[in-house]
Amino acid sequence: MKNHLAISLEHEDPEQDDMEVAAPNLNHAFLAELGLTQFSRRSFMKWERIMHSHGACLQEVWQLRYSKIDKVADCVLYPNSNEDCEALVKLAVKHSVVLIPYGGGTNVTKSLQLSTTETRMIVSVDMSRMN
């Protein structure tokens with residue numbers, strides 16, 4: 001392969017150590033009305049936000065390893081019940097907050113890729129704690 005394609009297989013391209021992302025865009029009225037007790041977890045942690053903002057297509061995996069994710073979720077919520085989800089949707093509509101459902105993160109259709117022009121708060125809704 002080296003001779004036929006005239007490429008070197010010795011080149012190494014190390015992965016990045018860290019990734020810079022924008023600070024979360026918070027809708028304080030939404031968060032205040034949401035409260036602290038309705039969900040099993042809510043997170044604003046950088047790497048949790050990053051991991052909930054991509055799927056597993058080649059472009060997204062490459063961005064994670066060598067570049068950056070252009071837009072990441074502002075918050076990650078973990079509902080426990082259908083009632084939690086219903087309340088969340090009502091609050092999101094009331095406060096104009098974007099909700100993105102998150103299953104296992106293995107999506108390969110770029111449906112977790114967030115619009116870079118979105119100005120509203122984006123909440124990733126992790127469904128892993130649902131029964």
Requested in this report: Name the single residue, out of those in the range 115-131 being among the charged types (D, E, K, R) and more than 18 Å from N82 (Cα to Cα), that is surrounded by the fewest Cβ atoms within 10 Å (Cβ to Cβ).
Outcome: E118
Query raised in the report: Residues in the range 60-68: is at least one free of Cβ contacts under 8 Å to residues at least 60 places away in the same chain, under 17 Å from L34 (Cβ atoms), out of contact with any helix residue (DSSP H, G or I) (no Cβ under 6 Å at 6 or more places or on another chain) and among the acidic types (D, E)?
Result: no
Query raised in the report: Only one of L112, L64, L91 is out of contact with any Lys or Arg (no Cβ under 7 Å at 6 or more places or on another chain), assigned to a loop (DSSP other than H, G, I, E, B) and surrounded by 13 or more Cβ atoms within 10 Å (Cβ to Cβ); which?
Result: L112
Query raised in the report: Of all residues in the range 50-94, how many are at pLDDT below 95 and of a type in the set (V, I, T)?
Result: 4
Requested in this report: Select from the range 19-34 the residues that are of a type outside the set (A, V, I, L, M, F, W, C) and more than 9 Å from D74 (Cα to Cα) and write down the one among them that is modelled with the lowest pLDDT.
Outcome: E20
Report task. Answer yes or no as to whether N80 is outside any helix (DSSP H, G or I) and within 14 Å of M127 (Cα to Cα). Result -> yes
**Report entry** Residue satisfying all of: in the range 35-49; at pLDDT 90 or above and out of contact with any Phe, Trp or Tyr (no Cβ under 9 Å at 6 or more places or on another chain); surrounded by the most Cβ atoms within 10 Å (Cβ to Cβ) among these
**Finding:** R49
Report summary line: With criteria (1) in contact with a helix residue (DSSP H, G or I) (Cβ under 8 Å, 6 or more places away or on another chain); (2) under 20 Å from H28 (Cβ atoms), E118 comes up short on (1)
Query raised in the report: Does I69 satisfy the condition of being of a type in the set (A, V, I, L, M, F, W, C), within 22 Å of T109 (Cβ to Cβ) and in contact with a His (Cβ under 8 Å, 6 or more places away or on another chain)?
Result: yes
Requested in this report: Need at least 2 residues that are of a type in the set (K, R) per element, so show me which helices (runs of 4 or more DSSP H) inside the range 1-60 make the cut, counting only ones lying wholly within it.
Outcome: 46-51
Query - Failed item in (1) in a loop (DSSP other than H, G, I, E, B); (2) surrounded by 15 or more Cβ atoms within 10 Å (Cβ to Cβ); (3) touching a Lys or Arg at 6+ places or on another chain (Cβ under 6 Å); (4) not aromatic (F, W, Y), with N107 passing the rest - result: (3)
Query raised in the report: Within the range 17-34, how many residues are exposed (fewer than 12 other Cβ atoms within 10 Å of the Cβ), touching a residue at least 12 places away in the same chain (Cβ under 8 Å) and either touching a Ser or Thr at 6+ places or on another chain (Cβ under 9 Å) or farther than 18 Å from V97 by Cα (or both)?
Result: 1
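The values are calculated or read from the model by the stated rules, or taken from the named source; none is laboratory data. On a predicted model such as this, the values are computed, not experimentally measured, just so you know. Note that we place each Cβ from the backbone using ideal geometry, even for glycine, and neighbour counts take in every protein chain shown.
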